[in-house]
1. Calculated from DSSP H runs of 4 or more alone, at -39500 (n - 2.57) each and per residue, what is the 222 nm mean residue ellipticity of the chain, nearest 500?
2. Kindly sort 37, 8 by accessible area of their heavy atoms, largest first, with the probe set to 1.4 Å.
3. Within the chain, what's the longest run with no GluC sites (Glu not before Pro) in a DSSP loop and at most 16 other beta-carbon atoms within 10 Å? Give the range, please.
4. Roughly how many Å² is the accessible area per residue of the chain, as a whole number, for a 1.4 Å probe?
5. I'd like the antiparallel share, as a percent to the nearest 5, of DSSP beta bridges with both residues in the chain.
6. The list (i) 24, 13, 10; (ii) 18, 15, 11; (iii) 26, 14, 9 gives values of semi-axes √(5λ) of the Cα gyration tensor in Å, and only one came from this structure; which label was calculated from it?
Amino acid sequence: MTEKRIAKELGATLHPNSGALRIKHDASDAEKLYEIKDANKTYTLKAEELNELWTRAAREVKTPEFIVEF
């Protein structure tokens, strides 16, 4: 699982169910909120995804980081 591996490499805590529950987004640490995507060949980045990550990170006083691994 890419999310688990990347979160471990970053020293971040993985959120249950990829953030689908109360705690949103894929992982976090004391300073950053991470959204991690695994794309086989292509990935369409939507402004809504970036805006949601940025908004939640700002509320939590964290830096948003959007990671796409190909």
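1. That comes out to -9500 deg cm²/dmol.
2. Order by accessible area, largest first: 8, 37.
3. 1-30
4. 71 Å²
5. About 35 percent, rounded to the nearest 5.
6. Recomputing semi-axes √(5λ) of the Cα gyration tensor in Å here picks out (ii).
The values are calculated or read from the model by the stated rules, or taken from the named source; none is laboratory data. Here the structure is a predicted model, which means the values were calculated and not measured. Reconstructed Cβ throughout: ideal geometry from the backbone, glycine too, with neighbour counts over all protein chains shown. Only protein heavy atoms, including side chains, enter the accessible area calculation; ligands, DNA and RNA are left aside. Shrake-Rupley method; radii C 1.70, N 1.55, O 1.52, S 1.80 Å.
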